[in-house]
Amino acid sequence: MNIFYPVQAFADWLTYGVFSMHQETLFAQAVNFFIFDTIKIVLLLSVIIFTVSIIRSFIPPEKIRLILSHKYQITGNLLAALFGIITPFCTCSAIPLFLGFIQAGVPLGVTFSFLIASPMINEVAIVLLFGLFGWKISLMYIVSGYMIAVISGVIIGKLNVEHLVENIAVRKMGAPLTVAELSWTMRLHAAKNYTYDIISKILPYVVIGIGIGAWIHGYVPTAFIARYAGGTSWYAVLLATLIGIPLYSNAAGVLPLVSVLTEKGVAIGTTLAFMMAVTGLSLPEFLILKKVMKTKLIIIFAAIVGVGILFTGYLFNYLLG
Amino acid sequence: MIIKILGAGCSGCAALENKTKEAVKKLKLAEVDVVKISDVQSIITYDVLSLPALIIDDKVVLSGKNPSVEEIMNLINGHRE
């Protein structure tokens with residue numbers, strides 16, 4: 001049985017019962033779709049963000065750094081990308097994190113594996129993918145994102161580009177954070193607050209995204225999108241990736257919209273590439289990283305990840321097309 | 001006592017600054033300076049990995065979290081003891 005059956009029943013009751021809309025009309029279907037999707041996504045987000053926050057409370061970045069500073073290529077990259085998945089990424093923390101890792105002796109390539117996986121594979125993107133596209137596509141996304149993070153890190157590690165990291169001599173001040181053992185009460189409390197924070201932050205985008213999605217779902221004919229969003233044209237993946245780069249902060253709102261485009265004929269590989277570009281290639285992050293690395297290194301980093309994303313997009317379009 | 005908030009302009013940083021000022025007010029502490037530090041060069045000297053961070057008298061007491069006013073009051077009290 002579909003676990004979202006009660007949600008669908010509630011949406012049906014609200015649309016066709018309480019609002020007494022006619023089931024056959026497009027408007028009623030759009031309203032029904034909107035109510036169902038919004039509740040489903042919020043439920044999924046609450047459960048997953050809460051769970052990840054609990055796991056995360058056991059592995060703070062300080063602990064990750066300690067583990068990774070003893071690791072070398074490949075093993076380090078595999079581990080770093082894994083840790084990146086559970087660590088939330090905030091553009092404003094990119095610099096202290098990057099320098100903190102490098103100066104503790106974490107290899108450059110391993111640091112990059114972490115930096116790539118952290119924003120690209122995050123619980124919000126995964127929940128939205130799962131809720132809107134199902135588990136197969138979210139799994140494809142997680143596995144390809146993980147491979148991109150590991151392989152890009154390994155390549156950067158082999159390129160010997162350490163000299164492109166700005167030489168910032170850090171004079172240590174003060175006493176560093178001592179990571180205190182947390183009690184379960186504190187973990188649960190922090191996880192609850194974090195979940196509430198994140199959901200209230202992204203909810204407007206999600207609701208607007210689902211709203212537009214519901215409208216397209218009901219009103220815009222499939223042929224229209226298939227014609228203009230170029231389902232199978234060769235440049236679709238490239239275009240999707242380029243459009244995704246400046247959309248960083250709106251990942252939550254962009255996804256529901258994309259799900260409907262996919263439903264109407266945009267290829268899966270194109271969608272995956274678009275999502276990865278939205279989360280993994282971020283213009284504000286590049287600008288911030290310029291303070292700690294030469295432009296050349298940022299270009300190398302963006303190019304390698306970009307090629308990985310394009311490859312993923314074309315591969316899935318080819319395999320599933 | 002000097003309390004520093006490290007943050008490079010993210011939304012959580014401003015929230016932490018306001019809550020810290022409120023905590024100081026609620027504790028009725030005199031002689032406490034709350035300073036916001038957003039310059040990257042100074043931030044990295046504290047060896048924090050996630051922002052915002054809270055520093056009391058040059059000791060990092062919190063990093064990458066969004067605490068409540070009560071939690072900040074506890075951190076300040078804990079430091080004074």
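Quick notes
- Summarised as an ellipsoid, the stretch A:1-96 has semi-axes of 45, 13, 12 Å, derived from the eigenvalues of the Cα gyration tensor scaled by 5 and square-rooted, with the largest first.
- Contact order relative to length of chain A, as percent, for alpha carbon pairs under 8 angstrom and 6 or more apart: 21 percent
- With the convex hull constructed from alpha-carbon coordinates only, the stretch A:246-318 shows a mean projected area of 4.9 nm² over all directions.
- Net charge dipole, the protein assembly as shown: roughly 520 debye, given to the nearest 20, about the Cα centre with Cβ charges of +1 for Lys and Arg and -1 for Asp and Glu.
- Among the residues of A:93-101, the average count of other protein chain beta-carbon atoms within 10 Å of the residue beta-carbon is 6.
- Relative exposure of A:T312, A:T271, A:T25, judged by other C-beta atoms within 10 Å (fewest first): A:T25, A:T312, A:T271
- Per residue of B:55-68, other chain Cβ atoms within 10 Å of the residue Cβ number 4 on average.
- Rounded to the nearest 20, the Cβ-based charge dipole of chain B about its Cα centre (Lys and Arg +1, Asp and Glu -1) stands at 240 debye.
- Most to least packed among A:59-66, A:263-270, A:105-112, A:17-24 [average Cβ atoms within 10 Å]: A:105-112, A:263-270, A:59-66, A:17-24
- Neighbourhood charge, 14 Å Cβ-Cβ cut-off, centred on A:F50 and excluding it, Lys, Arg +1 and Asp, Glu -1: +1
- For the protein assembly as shown, diffusion coefficient by Stokes-Einstein and Kirkwood Rh (Cα), 37 °C, 0.692 mPa s, µm²/s: 145 µm²/s
- Each peptide in A:125-137, A:285-297 gets a packing score, the mean of other Cβ atoms within 10 Å over its residues, and the list from highest to lowest is A:125-137, A:285-297.
- Filter on A:K63/B:K65; A:K192/B:K65; A:K294/B:K36; B:K4/B:K65; A:K290/B:K65; A:K158/A:K296 - keep pairs with C-alpha separation over 18 Å: A:K294/B:K36; A:K290/B:K65
- Taking the stretch B:44-65 and a reference point 7 angstrom along Cα→Cβ of B:V34, the backbone N atoms nearer than 15 Å belong to B:53-57.
- Over all directions, the projected convex hull of the C-alpha atoms in the stretch A:42-93 averages 4.4 nm² in area.
- Whether chain B is rounded, prolate or oblate, judged on the alpha carbon gyration tensor where a/c under 1.5 counts as rounded: prolate
- Per-selection metrics, the stretch A:54-133 (Cα): Rg and Dmax in Å: 12.7, 41
- Taking label points 7 Å from Cα along the Cα-to-Cβ direction, A:K291 and B:S11 give a separation of 2.0 nm.
- The stretch A:1-49 - Rg and Dmax from Cα coordinates, angstrom: 11.6, 37
- Extending 7 Å from the Cα toward the beta-carbon at both A:A9 and A:D197 defines two label points whose distance is 3.7 nm.
Each reported figure results from applying straightforward, stated rules to the coordinates on display, with no laboratory input. Please read all numbers here as calculations on a predicted model, not as lab measurements. Glycine also receives a Cβ, built like all others from the backbone with ideal geometry; neighbour counts cover every protein chain displayed.
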